[in-house]
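Data first, discussion second: the structure below is written as structure tokens.
The values are calculated or read from the model by the stated rules, or taken from the named source; none is laboratory data. Note that the structure is predicted; figures quoted are calculated from it, not measured. Counting neighbours? That spans all protein chains shown, and the Cβs are built from the backbone with ideal geometry, glycine included.
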């Protein structure tokens, strides 16, 4: 920041801190290097195998990852579609409808959701949610269970982000709209929400990223059958669950195919980051 | 419209609280019914169906210790560089910020793959406390850096002006002004990292492994509480009750860290207002 005095000690300090400052860059570089390097075996020789193989049969050297990619996309899409209204409406509840004295407790409760580890969500889902779904339509471990559990895990991201931006925005124009005689709901649907489009979009992208990368809960409640599901009651296997299930004993090309799954996840996340950067410029939201 | 918005808000608000109480209540009720202190002090046997979680608590603490030993020095120096040394709009800052952003978006299972490839295989550490701890360290790093950097940036500029006008070297200023002032933020960063590490499972399954004995050295495999819950639920029929109890222990630990963060943040704000 300032460079008025400079002892020798300071010079060393500068160099030392600069090297450490680049540690994050080094980490990202190494992640791409190692995940990429380990994927090469699966990509070389028959480079399109991961799309055109018959199916995912590691013992027969068949590594079609399309069902898992589809699984990840479907579970993510479903849970975000469900979490978005949950997140928006629960933050409306916190800011406009719940008694002010309760608001702080309500917020704490939503924060509690984010404190529950994903493995505990998975455990609860398997113990309580899956048996309930099983009564309607066996086997219970299904796409639906995954979507429901995942939605409960990611909606707090949207809620917590919106609670604070609703507060800020309401400070600016809630009183004005009240004095104009607008009803609360008119204000919410026609003034507040349109003015916060960017914020909602940002929170949605953040929660999408979380949903794509989520492993344990999905692994425990989704049933993990390698097949593109044709209804919400059928089991599904995501890319993340695939890695977690098979990594322990995978060798050779099989192991490499799992790293390729990891690389595909990284590409999805990278795409989301790019999307978020472009949209951020357009809609100007704050993190 | 008004009535509809109001009633839907109430329904969803209450439903979400009810689900939260259902999840936590279920875990608390089942665990408390079967809990005894020996659960925390005994070793597990018969695959974890019986016995306690003492070795698992030890492994968890060791993995936490390893990751904190890396996160604190590396994160603190990175944050100092970002907040105090680098030019604000320089290229290097942009690269580092982008890296931190990417690092915090990488899915935990990919950290697991990476940790397995680099620490377990490339550096030959195998499935060990060390591999797991180092993997977690890289995972927790972005959160720690961002928190600490905010703390360092909250040091009022006047302090820096005075330090320089007194002819202090940068080293002295950082050691005796910046770091003491930013100490609460550093603690918050540490506690956040601990919370993140405690909750993590996917990155550990194939870096620190499954072994449920007390590790004899950092090169031994050891499972954390979260991996134990996963294993009991998925691989051990009849492990439910102990999975419930382990979940309770894990949740209590995580809630304790969250409460600690809130208390620290409050004292941090008070300090800022007082000055």
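Is there a residue being farther than 20 Å from residue B:145 by Cβ and either in the same structural domain as residue B:46 (by TED's automatic domain parsing) or assigned to a helix (DSSP H, G or I) (or both) anywhere in the stretch B:186-202? Yes, the conditions are met somewhere in the stretch B:186-202.
Looking at (1) in a helix (DSSP H, G or I); (2) under 19 Å from residue A:118 (Cβ atoms); (3) over 16 Å from the mean Cα position of the chain (by Cα), can you tell me which one residue B:206 breaks? All conditions are met except number (1).
Across the stretch A:250-264, not a single residue is classified as farther than 30 Å from residue A:59 by Cβ and assigned to a loop (DSSP other than H, G, I, E, B). Across the stretch A:103-139, what is the total count of residues that are buried (at least 21 other Cβ atoms within 10 Å of the Cβ), over 21 Å from residue A:76 (Cβ atoms) and touching a residue at least 60 places away in the same chain (Cβ under 8 Å)? Summing the residues that are buried (at least 21 other Cβ atoms within 10 Å of the Cβ), over 21 Å from residue A:76 (Cβ atoms) and touching a residue at least 60 places away in the same chain (Cβ under 8 Å) in the stretch A:103-139 gives 1. Part of a helix (DSSP H, G or I), within 8 Å of chain B (Cβ to nearest Cβ) and under 28 Å from residue B:244 (Cβ atoms) - does that describe any residue in the stretch A:79-87? Among the residues of the stretch A:79-87, at least one is part of a helix (DSSP H, G or I), within 8 Å of chain B (Cβ to nearest Cβ) and under 28 Å from residue B:244 (Cβ atoms), which makes the answer yes.
Taken together, B:169, B:128, B:176 contain a single residue that is more than 10 Å from every other protein chain (Cβ to nearest Cβ), surrounded by fewer than 24 Cβ atoms within 10 Å (Cβ to Cβ) and on the phi < 0 side of the Ramachandran plot, which is B:176.
Please pick out the residue among A:234, A:214 that is within 30 Å of residue A:281 (Cα to Cα) and touching a residue at least 12 places away in the same chain (Cβ under 8 Å). After ruling out the rest, the residue left standing is A:214. For the stretch B:232-252, the tally of residues that are within 21 Å of residue B:136 (Cα to Cα) and more than 10 Å from every other protein chain (Cβ to nearest Cβ) stands at 2. Test residue A:219 against the criterion of being free of Cβ contacts under 8 Å to residues at least 40 places away in the same chain and assigned to a helix (DSSP H, G or I), and give yes or no. Spelling it out, it is not the case that residue A:219 is free of Cβ contacts under 8 Å to residues at least 40 places away in the same chain and assigned to a helix (DSSP H, G or I).
Got at least one residue in the stretch B:19-26 being farther than 30 Å from residue A:157 by Cβ, under 25 Å from the mean Cα position of the chain (by Cα) and in a helix (DSSP H, G or I)? Scanning the stretch B:19-26, I find no residue that is farther than 30 Å from residue A:157 by Cβ, under 25 Å from the mean Cα position of the chain (by Cα) and in a helix (DSSP H, G or I), so the answer is no. Comparison of B:109, B:102, B:72, B:57 shows that the only residue that is away from chain A (no Cβ under 13 Å), part of a helix (DSSP H, G or I) and either more than 23 Å from residue B:244 (Cβ to Cβ) or touching a residue at least 60 places away in the same chain (Cβ under 8 Å) (or both) is B:57. Does residue B:43 satisfy the condition of being surrounded by fewer than 17 Cβ atoms within 10 Å (Cβ to Cβ), within 12 Å of chain A (Cβ to nearest Cβ) and under 27 Å from the mean Cα position of the chain (by Cα)? For residue B:43, the condition - surrounded by fewer than 17 Cβ atoms within 10 Å (Cβ to Cβ), within 12 Å of chain A (Cβ to nearest Cβ) and under 27 Å from the mean Cα position of the chain (by Cα) - is not met. Are any of the residues in the stretch B:87-98 over 18 Å from residue A:261 (Cα atoms), facing another protein chain (nearest Cβ under 7 Å), assigned to a helix (DSSP H, G or I) and touching a residue at least 24 places away in the same chain (Cβ under 8 Å)? No; the residues of the stretch B:87-98 include none that is over 18 Å from residue A:261 (Cα atoms), facing another protein chain (nearest Cβ under 7 Å), assigned to a helix (DSSP H, G or I) and touching a residue at least 24 places away in the same chain (Cβ under 8 Å).
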